[in-house]
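Data first, discussion second: the structure below is written as structure tokens.
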Amino acid sequence: MDGYFPALLALSLASLIEGRFSTPGLRPAHPAGERAFWLLGKFSLVMWLMLVAWGFWKLPWWQPVAGILGSLAANALLVQSGPRPWWPGLSMGLAMLGLFLAARVWFADGAF
């Protein structure tokens, strides 16, 4: 499962940025960009939860636990660094990367 851990980290960070930083200056100014930012953030959270559940079902127990702990650590580092104006773009990029890696993990396993 080469992409499992990075997928969890990317999805977690993308979801955190969208959910935590609701300041108007830290969100896309255009309504379509705002909607895409919101959708990718929410979808990242759902996919993160699904990937954790799938990990407990298919992988050794320590891999999803390590993914959860790694996600918590990455989120703590991100929050500690403070908000940045380029975070919406980072969030959307991480969401796309995480969704790609999650699909790669699931299709490589033959889950779908």
key: Leading residue by the ranking (most open to solvent (accessible area, probe 1.4 Å)) among those in segment 88-108 that are of a type in the set (Phe, Trp, Tyr) and at pLDDT below 90   = Phe107
request  = Assess whether Phe21 counts as being open to solvent by 50 Å² or more (accessible area, probe 1.4 Å) and touching a residue at least 40 places away in the same chain (Cβ under 8 Å).
outcome  = no
inquiry  = I'd like the full set of residues that are within 16 Å of Leu13 (Cβ to Cβ) and either open to solvent by 90 Å² or more (accessible area, probe 1.4 Å) or free of Cβ contacts under 8 Å to residues at least 24 places away in the same chain (or both), limited to segment 49-76.
reply    = Leu49, Leu69, Leu72, Ala73, Ala76
Yes/no for Val79 being of a type outside the set (D, E, K, R), open to solvent by 30 Å² or more (accessible area, probe 1.4 Å), at pLDDT below 90 and part of a helix (DSSP H, G or I) = yes
remark   = Leu59 vs (1) modelled with pLDDT under 90; (2) more than 18 Å from the chain's Cα centre (by Cα): all pass except (1)
task = Could you grab me the full set of residues in segment 1-18 that are open to solvent by 30 Å² or more (accessible area, probe 1.4 Å) and either modelled with pLDDT under 90 or over 13 Å from the mean Cα position of the chain (by Cα) (or both)?
result = Met1, Asp2
ask   = Among the residues of segment 24-44, how many are without any contact (Cβ under 8 Å) to a residue 60 or more places away in the chain and outside any helix (DSSP H, G or I)?
value = 2
ask   = So which residues in segment 24-48 are among the small types (Gly, Ala, Ser) and either modelled with pLDDT under 85 or exposed (fewer than 14 other Cβ atoms within 10 Å of the Cβ) (or both), if there are any at all?
value = Gly25, Ala29, Ala32, Gly33
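The values are calculated or read from the model by the stated rules, or taken from the named source; none is laboratory data. The structure presented is a predicted model; accordingly, all values stated were derived computationally and were not measured. Cβ sites come from the backbone with ideal geometry, for glycine too, and all protein chains shown count toward neighbours. The area values use the complete protein model at the heavy-atom level, side chains included, leaving out ligands, DNA and RNA. Shrake-Rupley method; radii C 1.70, N 1.55, O 1.52, S 1.80 Å.
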